[in-house]
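The values are calculated or read from the model by the stated rules, or taken from the named source; none is laboratory data. Predicted model only: the values in this text are computed from it and were never measured. So basically every Cβ, Gly included, is an ideal-geometry build from the backbone, and we count neighbours across all protein chains shown.
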């Protein structure tokens, strides 16, 4: 088979990798042995299905790989999908894993002092400057976003900013760092995403995968 | 001297150099030749139009996407064209309004767009295509789609597939179910992303089950048509389904080996189309190769056309072109007559102005695979053996 006819399936490293791999195994796509070897430097893996190869990439890069057609299909958090906002992506299925929410949080002290004050300007540390900007625009606040790649919750206590926008699963991290949730921007789940061109050029294989995953998520009846 | 920052091009613009430029000109020539063989006659509209004449003929969205300038002479606003189809619509509604219908026209030229997408950052494209004016029946759609596919096959595009859509279908259903305008816009947005979940989550005034069926019908035609035929539709939507079926049967007869899919939720890029819309793909290209469909001209005539944007095609074809294979290096003492004879025989001649130290080295430096040696064309391999 020609390489361009293969399906490249992108899996996100990090938070949702284990749950994604569970789904992949349940769909009877079995990766080669190297996939489970933590010391392996390989990034692309063959599977028992010769039409499908798996790639493991940084979770925030999955939408990019799929939008540009470097991968045909992928598993990505809605946070990363929204942040990038590619129009070349289809989101045909909610996988119902890695569920959390994207929230605005501020330090407890500040919230007590002027919790009801609606500022016209806020300095916000976040991994998601695009979503943040869009949201604050909607509520009429000019947001000056500081892009951070981790340890967002630390930023307010060190005086980098007053406000953060980040994903929250249990709320423990916020609490431990003296922050409180001010407002939920949106609920976040994990989606199957598909490249627009791939759905049209490889319709049978892609639809097959979507159906298989849909069965796993919703049960056979669906 | 050129300074470093002087050679930087504006965002979205680029030079096509040697191989790519050659490939593009060859592709355009082959496509136009193929359109011409089917009776399509070429026209060449200008780069710039009056803002007024373009505004009259189309929706605002494309208008927003144009570079504009002021004519210093008249102080009027001028537009740099962003789509040649609109110009064809103007031409057939004016200068060529009296020519017999159906009228078949082709064109090729550069267009400019103001806004770009993240995955396709170019702002200048070469648009090559053809339009069939004044034929109402689905036979016109079939002719256009078949010619589009055949023309791409001619330039060696592998495994072409066709995606059919009906841009007015969703609108017909939204009207029929009497969704308020604001809800319609939201539904459109989620359908475009095929985001069924968000669509279901919306708290709408009416049921949205029908859209779920439409999204699930995307894919190979036979299955899709079965699903769509089972829907309870108003007569307008039902007519559209019968029409897409006619077109499908027509293409299937002419092109039995081509994959055809249906996606009735597809709207992107089909904003001004009134009948069928279609997109051509190849798995080798990461993006669509070309797009076409049915629309109304400025004079409300039925028209259907197809456009190829050369950037996608170029990416998969540039590697295929064998361009320099007949390039031959001529030593400086070659006469004009000898050179001309070679050219007449189909050679691409490159003449040296100075006596050469090593004709083999020079041939490689000038990317020639042949050398004119002792009044005979010799390949580099042959010459190496002779010189040893």
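Annotation: of all residues in region A:81-103 being more than 14 Å from chain B (Cβ to nearest Cβ) and crowded, with 22+ Cβ neighbours inside 10 Å, the one that is farthest from residue A:158 (Cα to Cα) is A:98.
Per-residue answers, yes or no, for (1) under 22 Å from the mean Cα position of the chain (by Cα); (2) without any contact (Cβ under 8 Å) to a residue 12 or more places away in the chain:
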residue: A:144; (1), (2): no, no
residue: A:148; (1), (2): yes, no
residue: A:156; (1), (2): no, no
residue: A:159; (1), (2): no, yes
residue: A:166; (1), (2): yes, no
residue: A:174; (1), (2): yes, no
residue: A:187; (1), (2): yes, no
residue: A:191; (1), (2): yes, no
residue: A:194; (1), (2): yes, no
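Note on region A:183-201: among residues that are more than 20 Å from residue A:23 (Cα to Cα) and in contact with a helix residue (DSSP H, G or I) (Cβ under 7 Å, 6 or more places away or on another chain), the one that is modelled with the lowest pLDDT is A:199.
Within region B:287-302, if we keep just the residues that are facing chain A (nearest Cβ under 10 Å) and touching a helix residue (DSSP H, G or I) at 6+ places or on another chain (Cβ under 6 Å), the residue that is modelled with the highest pLDDT turns out to be B:289. Inspection of region B:200-208 identifies no residue that is under 29 Å from residue B:256 (Cβ atoms) and surrounded by 12 or more Cβ atoms within 10 Å (Cβ to Cβ). Out of everything in region B:256-285 that is buried (at least 24 other Cβ atoms within 10 Å of the Cβ) and within 18 Å of residue B:156 (Cα to Cα), what residue ends up being nearest to the other protein chains (Cβ to nearest Cβ)? My answer is B:281.
Yes/no per residue for (1) facing chain A (nearest Cβ under 10 Å); (2) under 25 Å from the mean Cα position of the chain (by Cα); (3) in contact (Cβ under 8 Å) with a residue 60 or more places away in the chain:
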| residue | (1), (2), (3) |
| --- | --- |
| B:162 | yes, yes, yes |
| B:166 | no, yes, yes |
| B:174 | no, no, no |
| B:178 | no, no, no |
| B:182 | no, no, no |
| B:185 | no, no, no |
| B:192 | yes, yes, yes |
| B:201 | yes, no, no |
| B:206 | no, no, no |
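With respect to the conditions (1) more than 19 Å from the chain's Cα centre (by Cα); (2) surrounded by 11 or more Cβ atoms within 10 Å (Cβ to Cβ), residue A:140 falls short on a single one, namely (2).
Per the conditions (1) within 24 Å of the chain's Cα centre (by Cα); (2) part of a helix (DSSP H, G or I); (3) free of Cβ contacts under 8 Å to residues at least 12 places away in the same chain, the sole criterion not satisfied by residue B:247 is (3). Residue-level check: of (1) over 29 Å from residue B:200 (Cα atoms); (2) in contact with a strand residue (DSSP E or B) (Cβ under 8 Å, 6 or more places away or on another chain); (3) more than 14 Å from chain B (Cβ to nearest Cβ), residue A:49 misses just (2). Quick check: anything in region B:132-151 within 23 Å of residue B:285 (Cβ to Cβ), surrounded by fewer than 20 Cβ atoms within 10 Å (Cβ to Cβ) and within 14 Å of chain A (Cβ to nearest Cβ)? Looking for residues that are within 23 Å of residue B:285 (Cβ to Cβ), surrounded by fewer than 20 Cβ atoms within 10 Å (Cβ to Cβ) and within 14 Å of chain A (Cβ to nearest Cβ), one finds none in region B:132-151, hence no.
Any chance region A:6-23 includes a residue that's free of Cβ contacts under 8 Å to residues at least 40 places away in the same chain and either within 14 Å of another protein chain (Cβ to nearest Cβ) or part of a strand (DSSP E or B) (or both)? The answer is no, given that none of the residues of region A:6-23 is free of Cβ contacts under 8 Å to residues at least 40 places away in the same chain and either within 14 Å of another protein chain (Cβ to nearest Cβ) or part of a strand (DSSP E or B) (or both).
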